[in-house]
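A.B. asks: I'd like to ask some things about the structure below.
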Amino acid sequence: MHRPRVDPAFTFGVSLVISAVLWFPTLCGTINGSIEITDAGIRYLLALALAWAAVLGVSSLVAMYASKPRTPSFIPPDEGVRAEIPARRATELPRDAEPNDEAADRDAA
């Protein structure tokens, strides 16, 4: 079975950026000395795992929907069944147009 695939390098790169954004407050706390370095490392690994799973899930969903062919909303009839549309006469006016007096005076002359 052929499944639509997403580029693994793309998903990992996006998840690295998202995890760094999520981990930034912990980095600030580590620099200030309020969070230990081992706790900060564990928090980053958790942020990376969550970001990778989220990005992979969303990109797989988008790839799945993008791979499905669109069904046409209008299916044209067969050639043998096609009926010709009658052409309008030159003297016929469109339904929404009203005759104006200038055109009637010009035709009468």
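A.B. asks: Viscosity 1.567 mPa s, temperature 4 °C: what is the translational diffusion coefficient of region 15-64 from Stokes-Einstein with a Kirkwood Rh over Cα pairs, rounded to a whole number of µm²/s?
C.D. replies: My calculation gives 113 µm²/s for D.
A.B. asks: Describe numerically, in nm with one decimal, the distance between label points set 7 Å from Cα along Cα→Cβ at A49 and at S34.
C.D. replies: 2.6
Laboratory data are not the source of any read-out in this text; all were calculated from the coordinates shown. Quantities reported herein were computed from a predicted structural model and do not represent experimental measurements. With ideal geometry, Cβ positions are generated from the backbone for all residues, glycine too; neighbour counts draw on all protein chains shown.
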